[in-house]
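Worksheet: one structure, shown below.
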Amino acid sequence: MRAIEAFEPPPPSKVNYINAQYGLKSWLLTKDHKRIALLYLGSITFFFFIGGLYALMIRLELLTPQGDLLQSTTYNKVFTQHGIIMIFFFLIPSIPATLGNFLVPMMIGAKDLAFPRVNLLSWYIYMLGGVITIYALLAGGVDTGWTFYTPFSTTFSNSYVVATGLGIFVNGFSSILTGLNFIVTIHTMRAPGMTWFRLPLFIWSHYATSLIMILGTPVVAITILLLAFERVARVGIFDPALGGDPILFQHLFWFYSHPAVYIMVLPSMGVVSELIANFSRKNIFGYKFVAFSSLAIAVFGFLVWGHHLFVTSQSVYAGMIFSFLSFAVAIPSAIKVFNWTATLFKSSISYDTPMLYALGFIGLFTIGGMTGLFLASLATDVHLSDTYFVVAHFHYIMVGGALMGYLGGLHYWWPKISGRMYPEGWGRFAALVIFVGFNLTFLPQFVAGYLGMPRRYHAYPPEFQVFNVLSTAGASILGFGMLIPAIYLVWSMRYGKHAEANPWHLPGLEWRTQSPPPTENFEHTPIVDWEAYEFAPPEEMEVVGRFRRELETA
Amino acid sequence: MIESPAATEHIQAHPALQHHFENMEQQREAGTLGMWVFLVTEIMFFGGMFLAYTLYRSKFPADFASASNHLDITLGAVNTGVLILSSFTMATAVWSTQVGKRQTQILCLVLTLLLGLTFLGIKAVEYYDKYEDALVPGQLIPGRPFGPEVAQEGDHDRHKLHLLPGATVEHVQMFYWIYFAMTGMHALHMVIGAGLITFLIIFSVKGRYDPEYHSPVEVIGLYWHFVDIIWIFLFPLLYLLGRHFEH
């Protein structure tokens, strides 16, 4: 196994995508998917820390039962803005727009995404949406909850609903364009020999994610547009005072926003599939099952939105069907977890930082998914709806799932992205701190919610204080843990050890070019004649041999 | 790594070939698929409004029928014809680009543009009629809120609203909001389409497109047909509903 280290990598050519051109203009007008990925990386990190600041304010307020730090109206704005920033400006673009943008062309052997200008446009649209939203927050903020339920949002709220809505509306188009670009790229730009079933699972999950982006996002776009008109011009279809039905808004909103959860978690599952296979040096167990389960999640995910409406006037028969379908969507997720576990079985696992995140993901996502089944059951949902149980559940998916995958992927591909290694010791330490901090924050919230603590209030009965103190303590650890990678990743860009072309010794296409890659990714269009995750068993080294020969001829 | 045979084709590459594509075929395929995917997003975008329409039409059938009867069916029908004709000229433009008939190509594009503008002109006349009758919902037009005159029994004034039994002015207003939202969004797409066709005409005159490279004409043609199809759905849903209540 270790014999693969014996060969000398080809001397890295000096020109790569980072130093090919200099100057602000070369970044702001770039059409290179890798540079655009870095633009996104910087922007979403900025929004992540803004969202994190709001989280900090929430946790500080909830340290004590009295509403003393923030007034109730301020608190409403704080949790709303935490949700909006984290969901629309961090989680949804997180993996697709950074790692996906960087890696989708590289993994399939293409020079760029199919539409490089559209790709750059999507970043500008994202920034425009971000600027509008930041304006709304500075002007006075918004207090409707990230869900914008009518008629509160259309009639009664005295905050900047229209400006925030406009920011989200604009931002949606960046997501649509990213999805469109990925679908076309994966269909038409694969290198010779890169058949559908040779694609890395990261690509499959991005394909599924893109389907949700293009099918779901337009619906929430038109919904928010109609909401804005309803608020401004008093014309409408949602407000009962105008003859409308507020439940229609909830249906339209969740038709996007439930699948949006899969936009956040599917790319993360793709990252984890890569990490599990590559760090246990074994072909993934049941490749086709993992690939198709991504598509199944994308399809089933569109049919379950009604479980957000169990406690509304939705018909009980619709509720039963939505409940059944919500249980059904757990099956493809469970297939993935099962196959990852089976891949780990009897493999040679190395516990590098990315793998720690991947293993963390499996546990946390399983908890998040299983507690989702409590909420998908009609009767228990009545008890748990709008409590901290829900808050804990979706943070286990969005933070425990999506964020863990994002951090794992960022570490894993960091040598390729930056050309430098991150400090492994600090990496493992931070992964551990984040894992502990995360669980300490959100496990107590399951209990508090089960005992009846409602969400979205700035004050609560004193008997819940112990859970909230634990949660705030955990959040402090989590926040501290997040700062560590932020610091050492920036540090490593200048002082990190130079990365070789293939520091993890893996067969994937992205590792068969220099680190960082040249602007056109590969010197020649590669011809793929190997299967995905084709690791040599210790006794058969010919695959390694062939890989070495290819590098020597190149 | 072995060199791809496709890489050598760059030597005599078409000037319109972008650097990241292997050949014109791949570039054309990507462009066409990209437009199809974009049209799928458009269907979902309009889909939200179609859903609202379906829901409230089934909830308020008499109100929607009364409101629909006030629309000018002649102008709507003429516009439908205009659009179908423009789709024909657009298809001819695509065909003539593919076979290299430049004169026909430019002529057809100009005709398509003119037909598109005719549609928008007729639409503007219709909108103005609705404005006159105070049928623009809510406070969309500042200073002229929704407030149509309701016709009494036996009054046949075309400018007054004739309510069927059980219909209310409030729900007629909702119909008109859906009408303006859907046709307005459609008209916006027409304006964008007209802009794109203008751009095609300019580059056609410059001789940019040939049988080797015609995907912009094809892709914008797809878009144009899509906008037509939306109207083909809008016309019966908005104009032709509930006529049987009257006759």
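The values are calculated or read from the model by the stated rules, or taken from the named source; none is laboratory data. Remember, it's a predicted structure, so these values are computed and weren't measured experimentally. Positions of Cβ are generated from backbone atoms using ideal geometry, with glycine treated the same way; all protein chains shown enter the neighbour counts. Keep in mind that these areas ignore ligands, DNA and RNA; they rest on the heavy atoms of the full protein, side chains included. Shrake-Rupley method; radii C 1.70, N 1.55, O 1.52, S 1.80 Å.
Per-structure values
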| read-out | value |
| --- | --- |
| Residues satisfying the stated conditions in the stretch A:491-511, i.e. in a loop (DSSP other than H, G, I, E, B) and either surrounded by 15 or more Cβ atoms within 10 Å (Cβ to Cβ) or in contact with a helix residue (DSSP H, G or I) (Cβ under 7 Å, 6 or more places away or on another chain) (or both) | A:G496, A:A499, A:E500, A:A501, A:N502, A:P503, A:W504, A:H505, A:L506, A:P507, A:G508 |
| Close pairs from the stretch B:178-193: first within 11 Å of chain A (Cβ to nearest Cβ), partner outside any helix (DSSP H, G or I) and open to solvent by 30 Å² or more (accessible area, probe 1.4 Å), Cβ under 9 Å, at least 6 apart | B:F180/B:L140 |
| Failed item, numbered, when A:L248 is tested on (1) over 30 Å from A:L356 (Cα atoms); (2) crowded, with 22+ Cβ neighbours inside 10 Å | (2) |
| Residue within the stretch B:204-215 that is open to solvent by 50 Å² or more (accessible area, probe 1.4 Å), away from every other protein chain (no Cβ under 14 Å), without any contact (Cβ under 8 Å) to a residue 24 or more places away in the chain and in a helix (DSSP H, G or I) present | no |
| Residue within the stretch A:82-98 that is at positive phi and either in contact with a helix residue (DSSP H, G or I) (Cβ under 7 Å, 6 or more places away or on another chain) or in contact (Cβ under 8 Å) with a residue 40 or more places away in the chain (or both) present | no |
| Tally, over the stretch B:95-126, of residues that are in contact (Cβ under 8 Å) with a residue 12 or more places away in the chain and open to solvent by 20 Å² or more (accessible area, probe 1.4 Å) | 15 |
| Evaluation of A:S257 against (1) within 14 Å of chain B (Cβ to nearest Cβ); (2) crowded, with 24+ Cβ neighbours inside 10 Å (one fails), failing number | (2) |
| Test: residue in the stretch B:83-97 that is under 30 Å from A:G236 (Cα atoms), at pLDDT 95 or above and more than 14 Å from chain A (Cβ to nearest Cβ) | yes |
| A:I132 open to solvent by 10 Å² or more (accessible area, probe 1.4 Å), in contact with a helix residue (DSSP H, G or I) (Cβ under 8 Å, 6 or more places away or on another chain) and not in a loop (DSSP other than H, G, I, E, B) | yes |
| Selected residue (only one of A:L252, A:L199, A:L248 is at pLDDT 95 or above and either more than 14 Å from every other protein chain (Cβ to nearest Cβ) or within 30 Å of A:M107 (Cα to Cα) (or both)) | A:L199 |
| Condition check for A:L478: under 26 Å from the mean Cα position of the chain (by Cα), surrounded by 18 or more Cβ atoms within 10 Å (Cβ to Cβ) and away from chain B (no Cβ under 14 Å) | yes |
| Hey, B:E170 modelled with pLDDT under 95, part of a helix (DSSP H, G or I) and either within 14 Å of chain A (Cβ to nearest Cβ) or farther than 21 Å from B:A93 by Cβ (or both) or not | yes |
| Single unsatisfied condition, B:F226 versus (1) surrounded by 17 or more Cβ atoms within 10 Å (Cβ to Cβ); (2) assigned to a loop (DSSP other than H, G, I, E, B) | (2) |
| Residue count for the stretch B:18-36, restricted to those that are touching a residue at least 12 places away in the same chain (Cβ under 8 Å) and more than 8 Å from chain A (Cβ to nearest Cβ) | 8 |
| Residue tally, condition facing chain B (nearest Cβ under 9 Å) and either in a helix (DSSP H, G or I) or at pLDDT 95 or above (or both), over the stretch A:214-237 | 16 |
| Any pair with Cβ under 6 angstrom, 6 or more apart, that starts in the stretch A:502-529 at a residue that is more than 9 Å from chain B (Cβ to nearest Cβ) and ends at one that is among the acidic types (D, E) | A:P507/A:E534; A:T519/A:D32 |
| Which listed residue, of A:G437, A:G449, is touching a strand residue (DSSP E or B) at 6+ places or on another chain (Cβ under 9 Å), buried (at least 17 other Cβ atoms within 10 Å of the Cβ), modelled with pLDDT of 95 or more and farther than 20 Å from A:P503 by Cβ | A:G449 |
| Selected residue (criterion: farthest from the other protein chains (Cβ to nearest Cβ)) from residues of the stretch B:44-67 that are touching a Pro at 6+ places or on another chain (Cβ under 8 Å) and of a type in the set (A, V, I, L, M) | B:A62 |
| Residue match in the stretch A:279-294 (condition: assigned to a helix (DSSP H, G or I), surrounded by fewer than 22 Cβ atoms within 10 Å (Cβ to Cβ) and among the aliphatic types (A, V, I, L, M)) | no |
| B:I141, sole failed condition from (1) free of Cβ contacts under 8 Å to residues at least 12 places away in the same chain; (2) within 25 Å of B:I232 (Cβ to Cβ); (3) open to solvent by 50 Å² or more (accessible area, probe 1.4 Å); (4) not hydroxyl-bearing (S, T, Y) | (2) |
| Qualifying residue in the stretch A:330-345 (condition: assigned to a loop (DSSP other than H, G, I, E, B) and under 26 Å from A:L432 (Cβ atoms)) | yes |
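Okay, residues lined up against (1) open to solvent by 10 Å² or more (accessible area, probe 1.4 Å); (2) within 14 Å of another protein chain (Cβ to nearest Cβ); (3) of a type in the set (F, W, Y); (4) farther than 27 Å from B:M35 by Cα:
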position: A:L103; (1), (2), (3), (4): no, no, no, no
position: A:L113; (1), (2), (3), (4): no, yes, no, no
position: A:R117; (1), (2), (3), (4): yes, yes, no, no
position: A:L121; (1), (2), (3), (4): yes, yes, no, no
position: A:G140; (1), (2), (3), (4): yes, no, no, yes
position: A:D143; (1), (2), (3), (4): yes, no, no, yes
position: A:F148; (1), (2), (3), (4): no, no, yes, yes
position: A:T154; (1), (2), (3), (4): no, yes, no, yes
position: A:S157; (1), (2), (3), (4): no, no, no, yes
